[in-house]
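Let me begin by presenting the structure, written as structure tokens, before commenting on it.
The values are calculated or read from the model by the stated rules, or taken from the named source; none is laboratory data. Values in this document were obtained by computation on a predicted structure and should not be read as measured data. Here the Cβ positions follow ideal geometry from the backbone for every residue, glycine too, while neighbour counts run over all protein chains shown. Ligands, DNA and RNA are stripped out before the accessible areas are found, and what is left, the full protein with its side chains, is counted by its heavy atoms. Shrake-Rupley method; radii C 1.70, N 1.55, O 1.52, S 1.80 Å.
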Amino acid sequence: MKKIVLAIILLSNSITFTLKADEGMWLPIFLKALNEADMQSKGLKLTADDIYNINKSSLKDAIVHFGGGCTGEIISDKGLLLTNHHCGYGQIQAHSTVENDLLTNGFWAKNQTEELPNPGLTATFIIRMEDVTAKVLANITEGMSDAEREKKILENISTITKEAVKDTHYGAYIRPFYYGNEYYMFVTETFRDVRLVGAPPSSIGKFGGDTDNWMWPRHTGDFSIFRVYANKDNKPADYSKDNVPYQPKYVIPISLKGIQEGDFTMVYGFPGRTSEYLTSFAVDMIQNVSDPAKVKIRETKLAILDKDMKANDKVRIQYSAKYASIANYWKKWDGERNGLKKADAINKKKLFEQDFLAKVNTDDLAKSNYGNLLSDLENKYKSFSNYNNQRDYFIEAILGIEAVGFAYSYTAVIDALSSGKKAAEIQKDIDRLKSNATTFFKDYNATTDEKVCAALLKLVYDNIPKNEQADIFNEIEKKHKADFNKYAQSIYSKSFFTSEESILKFLNNPEGNYKKALKDPIYLLMKSCYSKFANDVLPQYNSLDIEITKLNRVYMKAMRELVTTKKYYPDANSTLRVTYGKVDGYYPKDGVKYNYYTTLDGIMEKENPSVDEFIVHPKLKELYNKKDYGQYADKSGELHVAFCASNHTTGGNSGSPVFNGNLELIGTNFDRNWEGTMSDIFYNPNQVRNIILDVRYTLFIVDKFAGAGYLLNEMKINK
Ligand code: ARG
Ligand code: GLU
């Protein structure tokens with residue numbers, strides 16, 4: 001009966017919300033069934049088997065989860081790994097000193113002995129993946145409570161993964177897909193000796209900096225090169241000078257043939273997180289409440305940092321990395337809310353929901369299972385939105401005050417001392433606080449933070465309803481007449497959390513001083529805000545979050561059952577995915593068309609010797625003046641720098657290889673366009689572009705700029 005109804009529904013389908021071209025982050029094991037034909041019709045010359053295969057070597061054997069957060073690709077039979085400059089940034093910075101500043105000058109190991117080890121850095125390959133849904137959901141019954149269900153699932157996961165890696169050096173993890181309707185296991189091989197081989201100077205690797213971040217047209221040479229090392233048996237090992245370059249199962253060939261608009265492109269990597277199946281209520285909350293609040297808070301903070309950084313060189317250096325990381329998501333959320341609006345995402349979701357409901361109502365069983373689903377979700381979001389907003393303000397504004405976050409890290413020690421513990425019993429924690437204090441104060445300016453404190457508290461005061469504010473706001477109102485500058489001034493001048501000297505004094509005699517800490521005004525501010533959050537926000541937030549996830553799980557199932565005109569891909573969750581599209585420019589606004597590639601000429605156009613981000617290295621200028629581009633220029637003699645395409649990517653895809661139809665490397669993914677950052681929530685093919693560093697520019701920099709052309713001898717280069 002149900003089947004017949006479904007068939008009728010299919011015939012009478014009126015859904016307007018079908019999967020748009022190029023949308024989707026696909027699981028490699030299903031490419032053959034779901035995508036191969038489509039990919040080939042769009043220009044793929046090879047097969048799904050060439051992309052993912054567990055019986056012979058395939059492209060997947062050259063794709064690396066780099067340091068857990070980025071992607072990298074293997075481009076030589078001696079384990080050479082290509083990723084972004086911003087992915088290797090932490091390592092490049094760690095090797096830098098004032099005398100030997102690799103960030104500023106770049107770095108090129110002239111031979112393997114000069115390659116630099118990076119403790120803690122890993123490169124993880126996927127050995128295989130497997131659908132383990134039935135095993136993970138074994139013995140899960142309808143009658144179970146949420147907690148029982150969760151516990152059983154975790155037990156099952158632990159049994160399955162242990163079994164999968166028994167007697168091997170592999171690792172394994174299992175992740176939920178489709179809101180927990182399915183589970184997949186990934187068996188992995190993780191290498192622990194990954195050395196830095198080369199990086200361009202920041203003036204190339206970070207050219208355009210935060211100004212150009214999330215923007216097209218782009219000219220950033222965002223790459224760095226590492227090498228994976230293994231023991232003599234080609235297996236993962238801790239760093240040792242006896243380790244040898246890893247011999248990969250597959251080496252990615254590089255194409256110097258260039259690209260044309262419309263060419264097929266494919267990205268293979270580890271996208272972090274997307275939420276493509278949210279309801280209109282959720283998108284409404286993100287677009288109209290959450291993103292605007294977070295943007296406003298960060299904008300306020302960035303303005304203060306910017307002013308102080310410009311006024312004082314020491315502050316500029318102290319805050320440059322912090323500023324970049326705050327600015328990255330500030331700009332992303334700003335692009336996201338604008339992009340959602342431009343794509344009319346809420347209304348499109350609403351139309352889809354109407355159609356969905358119409359389908360539900362044609363079938364009695366569907367009606368009884370799913371009839372209330374959307375109204376339930378709508379109701380949940382009515383209260384969730386408020387808790388989510390309070391949580392945003394707590395995380396972004398309250399914890400955005402550095403001294404408050406710093407004071408919070410003292411809670412455990414101060415609580416222990418207050419409950420009668422002796423300092424000797426918690427010496428390890430005290431020592432950790434001491435070493436953290438040194439790191440914290442190296443990059444801390446109390447005067448700047450005091451201004452941030454005043455401004456962010458005022459934002460909370462002005463935007464959160466009175467009864468939802470922490471008690472301390474009452475006091476600020478009474479004692480300081482809600483003058484947040486005066487309040488901040490008074491607490492920053494009295495607190496011992498704002499200088500290394502006073503905090504070390506405390507840590508050297510914690511038993512004698514903890515009572516003072518309990519009365520410290522910054523500690524009191526932190527305590528008041530934290531207890532409000534922990535008592536009145538977090539529990540409600542968490543329980544609603546669990547209920548919403550449960551409803552989303554059912555909604556996901558219902559959509560897949562009832563709206564069968566659409567191919568469903570699972571949201572990104574830091575697992576290996578394939579996305580494909582084409583090289584394509586776009587129209588950012590009425591009357592403006594962006595070309596699909598940029599060139600070295602554009603770098604010279606952007607040059608500005610008085611702005612750090614736009615200084616052009618003299619050597620690069622020299623090559624430009626001589627037009628010394630060698631084999632890296634296109635037919636007309638232009639040197640391409642970057643290009644954009646319609647691949648559906650997100651954070652975590654940084655460093656991902658980008659392939660042409662022959663599965664040759666044509667570039668390295670490193671960003672998305674500002675107009676398209678909403679694609680984590682709603683993909684619109686007209687707006688969304690990923691930004692790719694052209695591999696010809698990468699090799700030009702390695703060879704012509706850095707004089708490290710010997711590295712090219714290791715690579716498979718197709719001309
Ligand atoms: N927007 C890119 C990515 O999320 C690059 C970030 C690094 N670059 C920067 N200028 N902060 O994450
Ligand atoms: N830069 C991002 C990353 O670090 C990729 C940009 C995006 O979110 O698409 O992964």
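Some notes on this structure:
- Three-way shape label, region 402-560, alpha-carbon gyration tensor, a/c 1.5: oblate
- Using Cβ point charges alone (K and R +1, D and E -1), the dipole size of the chain about the Cα centre works out to roughly 380 debye.
- Exceeding the 26 Å Cα-Cα cut-off - candidates 45/249; 301/486; 349/532; 332/458: 349/532
- Restricting attention to the chain, close to 95% of DSSP beta bridges with both partner residues there are antiparallel.
- Relative packing of peptides 606-612, 122-128, 412-418 - highest average C-beta neighbours within 10 Å first: 122-128, 412-418, 606-612
- Student exercise, region 572-702 dipole from Lys, Arg, Asp, Glu Cβ charges, in Debye to nearest 20: 240
- Using C-alpha pairs under 8 Å with a sequence gap of at least 6, the mean separation divided by the residue count of the chain gives a relative contact order of 24 percent.
- Percent of Cα pairs exceeding the 12 Å cut-off, where the set is region 397-439: 63
- Applying 1/(1 + (r/R0)^6) with r as the Cβ-Cβ distance of residue 260 and residue 604 and R0 = 22 angstrom yields a FRET efficiency of 0.35.
- Taking each residue as 0.36 nm, the span from residue 167 to residue 93 lengthens on full extension beyond its C-alpha to C-alpha distance by 22.8 nm.
- Taking all C-alpha pairs of the chain, those more than 52 Å from each other amount to 14 percent.
- The Stokes-Einstein estimate for region 148-203, based on a Kirkwood radius over Cα pairs and taken at 10 °C with 1.306 mPa s viscosity, is a diffusion coefficient of 112 µm²/s.
- The slack in the chain from residue 112 to residue 493, taken as 0.36 nm per residue of separation less the alpha-carbon distance, amounts to 131.8 nm.
- Qualifying lysines (Cα of each under 24 Å from Cα of residue 421; at least 8 residues distant if same chain): 434, 505, 515, 516, 519, 527
- Those lysines that a straight Cα-Cα span of less than 24 Å connects to residue 42, excepting residues fewer than 8 apart in one chain: 20, 32, 60, 257, 566, 567, 582, 593, 719
- Here the gap between residue 158 and residue 357, fully extended at 0.36 nm per residue and compared with their Cα-Cα distance, gives a gain of 67.8 nm.
- Placing dummy labels 7 Å off each Cα toward the beta-carbon, the span from residue 619 to residue 316 is 2.4 nm.
- Accessible surface comparison of 430, 615, probe 1.4 Å, protein chains only, largest first: the order is 615, 430.
- Entry comment: accessible area of the chain is 43 Å² per residue, from protein heavy atoms only and a probe of 1.4 Å.
- Label point at residue 436 placed 7 Å out along Cα→Cβ; residues across region 381-421 whose backbone nitrogen lies under 11 Å: 405-414
- Exceeding the 29 Å Cα-Cα cut-off - candidates 442/621; 162/550; 56/166: 442/621
- Measuring nothing but protein heavy atoms, the accessible surface of the chain at 1.4 Å probe radius is 51 percent carbon and sulfur.
- Each other residue within a Cβ distance under 14 Å of residue 98 adds +1 if Lys or Arg and -1 if Asp or Glu, for a net charge of -1.
- Here r is the Cβ-Cβ distance between residue 638 and residue 45 and R0 is 35 Å; the resulting FRET efficiency, rounded to 0.05, is 0.85.
- Accessible area (Å², 1.4 Å probe, nearest 10) - residue 477: 60
- Gyration tensor verdict on region 186-265 (Cα atoms; rounded if a/c is under 1.5, prolate if a/b is larger than b/c, oblate otherwise): prolate
- Within region 187-218: backbone nitrogen closer than 17 Å to the residue 104 label point (7 Å, Cα to C-beta): 200-207
- Spread of Cα-to-Cα distances over 10 Å intervals beginning at zero, given as percent, for region 53-204: 10, 30, 25, 18, 12, 4, 0
- Restricting region 60-159 to GluC sites (Glu not before Pro) that sit in a DSSP loop and have at most 13 other Cβ atoms within 10 Å of their own Cβ leaves 99, 142.
- Summing Lys and Arg as +1 and Asp and Glu as -1 over all other residues whose Cβ lies under 13 Å from the Cβ of residue 224 gives a net charge of 0.
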